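The values are calculated or read from the model by the stated rules, or taken from the named source; none is laboratory data. All of these numbers come straight from a predicted model, not from anything done at the bench. Positions of Cβ are generated from backbone atoms using ideal geometry, with glycine treated the same way; all protein chains shown enter the neighbour counts.
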Amino acid sequence: MPTKDILNRGRVLLHGLVYSDTGNVVPPLRWTRQALRFANDLSGQPLISADELARREAELRSLEEAVQTQRSDAAAAKPAKREAAPVVLYITDQDQRTRKKIEEILKGRDIPYTINDVTDDESSRSWALTQSHKPEFPLLFVAGEPLGNVDDVMQLDVRGELVKKVFG
């Protein structure tokens, strides 16, 4: 017999003893039962009748079914992951520390990105600097729109705008 069943049988048996009127003519027994009833009420009525136990178990089963239904509905209603806009990080071989900071932010938000090293590509480097109006690399672009350097990306991330720009 499982432990839960044994405990439930004990709760019902003790309830019958405490709430019985047999022997209440003896004052010490009556006072003890009154004190036990009071303690039972204060502790949330762990000693209960068989009918009350059945009602509580039925209520618990219905609550568990409702929670399970909500979980399955939430799983079914979960929106499909939206496709990310193309994210390109333009870098040079000079400042690796700020590059790593931007990469950590992107990885922390599960944003897929590509790296474009423009160290030896003068035209791409010139285009990125001109578009972003920033004097130095690394620079982040989302769908061709310049977001800026590490400070700009951090500010966008803190405000929650980075994810919005990437996923719409």
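Identify, please: which residue in the stretch 68-90 is β-branched (Val, Ile, Thr) and modelled with pLDDT of 90 or more and is, among those, surrounded by the fewest Cβ atoms within 10 Å (Cβ to Cβ)?
Quick first cut of the stretch 68-90, residues β-branched (Val, Ile, Thr) only: 69, 87-88.
Among the residues that remain, those that are also modelled with pLDDT of 90 or more are: 87-88.
Numbers: 87: 18, 88: 16.
Filtering the stretch 68-90 for residues that are β-branched (Val, Ile, Thr) and modelled with pLDDT of 90 or more, the one surrounded by the fewest Cβ atoms within 10 Å (Cβ to Cβ) comes out as 88.
Pairs please, first residue from the stretch 116-130 and touching a residue at least 12 places away in the same chain (Cβ under 8 Å), second anywhere and among the basic types (Lys, Arg) and surrounded by 12 or more Cβ atoms within 10 Å (Cβ to Cβ), Cβ atoms under 9 Å, 6+ apart in sequence or on different chains.
Here the result reads 118/125; 119/125; 128/134, each pair linking the stretch 116-130 to a residue that is among the basic types (Lys, Arg) and surrounded by 12 or more Cβ atoms within 10 Å (Cβ to Cβ).
If I go through the stretch 124-164 residue by residue, how many of them are crowded, with 17+ Cβ neighbours inside 10 Å and part of a helix (DSSP H, G or I)?
10
Look at residue 47 and say whether it is surrounded by 10 or more Cβ atoms within 10 Å (Cβ to Cβ) and part of a helix (DSSP H, G or I).
Details: surrounded by 10 or more Cβ atoms within 10 Å (Cβ to Cβ): yes; part of a helix (DSSP H, G or I): no.
When the stated conditions are applied, residue 47 does not pass them.
Check off (1) free of Cβ contacts under 8 Å to residues at least 12 places away in the same chain; (2) surrounded by 10 or more Cβ atoms within 10 Å (Cβ to Cβ); (3) closer than 22 Å to residue 6 by Cα for residue 35 and give me the number that stays unchecked.
Of everything listed in (1) free of Cβ contacts under 8 Å to residues at least 12 places away in the same chain; (2) surrounded by 10 or more Cβ atoms within 10 Å (Cβ to Cβ); (3) closer than 22 Å to residue 6 by Cα, residue 35 misses just condition (3).
Consider the stretch 131-168. How many of its residues are under 21 Å from residue 93 (Cβ atoms) and either basic (Lys, Arg) or touching a residue at least 24 places away in the same chain (Cβ under 8 Å) (or both)?
10
Restricting attention to the stretch 1-32, which residues are in a helix (DSSP H, G or I), surrounded by 11 or more Cβ atoms within 10 Å (Cβ to Cβ) and among the hydroxyl-bearing types (Ser, Thr, Tyr)?
32
Quick check, is residue 50 aliphatic (A, V, I, L, M) and at pLDDT below 85?
On the way: aliphatic (A, V, I, L, M): yes; at pLDDT below 85: no.
It is false that residue 50 is aliphatic (A, V, I, L, M) and at pLDDT below 85.
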